[in-house]
Amino acid sequence: MSLKIGIVGLPNAGKSTLFNALLKKQQAQAENRPFTTIEPNVGVVDVPDDRLARLTQIANPEKIIPATIEFVDIAGLMKGAAQGAGLGNKFLSHIREVDAIIVLLRGFEDDAIIHTEGRVDPVDDLKILETELGLADVEHPDAPPLMKKPRLVVENVSEGQLKEKSPHGWLRISAKLEAELAELPVAEQKPLLDELGVRESPLNRVIRESYQLLGLHTFFTAGPKEVRAWTIKQGATAPEAAGAIHTDFEKGFIKAEVISFADYIAHQGEQGARAAGKWRVEGKDYIVADGDVMHIRFNV
């Protein structure tokens, strides 16, 4: 399923730094100047899901394949973009191509990193972004409306601000810290987060909430060859879920053998779930629940 979420914000808000942390490598050029990003950078990111590890402990597969989400690092918007300032209409056209947006606001003070408005004020920055998106909708009434795109507001703060809750209810992240953590082995990341009083990487929460923002959820296939997370839209039927695996599966769908995630874990896999009467057969009208462990029967 090819759905994209774009990272937007004013220049030097930390979009490319966040994008690099998401991809865990320096794919996007991050510099202290406006419009470092001109053409959008695109990357596919694994969706953190503790359920995969629990399924793996039982199925003991040869391969583990997580669900993914596609992020797009879009060039910085500035005041007047709807009238062509900065990268103007080119920037706005890139936003139209994504399915949802992360609005990244600068909440950190750093005299070495310029702010195009000459101050750090995330509330005002959000107003600028909303004004430009709204004006673009007025200028292009026949284009898909930007203001109606699902959005997640994220404030990029310093390490010291991470323990403080946003007074606006925004998700807080330190893109600089996340980029540094991404360079470390996983075992070394948690002690650093513990020192900061942060229970888990805010980056993982950004990914999960982005996934939910797109209206997505996950079903699993589990066996000795692989345990895999598959992405579907919330409300998808069993045949549509089958189509996520292969289009032929949807065309020739016969039935789905289903075990809920909780039952799969509680009964230590398919065999135990069957013995406990927790294995069931579902037809074409079944709405797949998040976490279902499924086996598709089909005929081509």
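Derivation of every value follows stated rules applied to the coordinates shown; laboratory data play no part. Small disclaimer: the values here were computed from a predicted structure and weren't measured. Cβ sites come from the backbone with ideal geometry, for glycine too, and all protein chains shown count toward neighbours.
Here the Karplus relation 6.51 cos²θ - 1.76 cosθ + 1.60, evaluated at θ = phi - 60°, turns the backbone of region 148-157 into coupling constants of 8, 5, x, 9, 10, 8, 10, 9, 8, 10 Hz, with x for every Gly and Pro. Per-residue packing, averaged as other Cβ atoms within 10 Å, sorts the ranges 48-61, 239-252 into the order 239-252, 48-61, beginning with the highest. Annotation: for a label point projected 7 angstrom from Cα along Cα→Cβ of Ala112, residues of region 133-164 with backbone N closer than 18 Å are 157-161. Between Ile173, Ile113, Ile69, find the one with the highest GNM mean-square fluctuation for the chain; connect C-alpha pairs within less than 10 Å. The residue that fluctuates most here is Ile113.
Compared with the alpha-carbon gap, the fully stretched path from Lys225 to Val138 is longer by 26.0 nm at 0.36 nm per residue.
Each peptide in 253-263, 136-146 receives the mean, over its residues, of other Cβ atoms within 10 Å, and ordering these scores from highest gives 253-263, 136-146.
The chain: percent of C-alpha pairs farther apart than 35 Å? Here the tail beyond 35 Å accounts for 29 percent of pairs. Taken as Cα centroids, region 114-149 and region 174-199 sit 32 Å apart, rounded to the nearest whole angstrom. What do you get for trypsin sites (Lys or Arg not before Pro) in region 85-158 restricted to DSSP loop and a cutoff of at most 16 other Cβ within 10 Å of the site's Cβ? Sites meeting the loop and neighbour criteria: Arg119, Lys148.
A simple spin-label model places the labels of His295 and Met147 5.3 nm from each other, with each point 7 Å out along Cα-to-Cβ. How would you classify region 102-258 from its alpha-carbon gyration tensor, with a ≥ b ≥ c the square roots of the eigenvalues: rounded for a/c under 1.5, else prolate if a/b is greater than b/c, otherwise oblate? Here region 102-258 falls in the oblate category.
Database remark: amide H of Ile102 closer than 5 angstrom to the amide H of Gly6, Ile7, Val8, Leu152 (H placed geometrically; neighbours at sequence offset of 5 or more, or on other chains; Pro and chain starts carry no H). Take the Cβ atoms of Ala266 and Asp194, set R0 to 45 Å, and the FRET efficiency comes out at 0.90. Diffusion of region 235-298 by Stokes-Einstein, at 10 °C in a medium of 1.306 mPa s and with Rh set to the Kirkwood radius over alpha-carbon pairs, works out to 135 µm²/s.
Projecting label points 7 angstrom from Cα along Cα→Cβ for Thr56 and Gln161 puts them 3.5 nm apart. Counted over the chain, the DSSP beta bridges are approximately 50% antiparallel.
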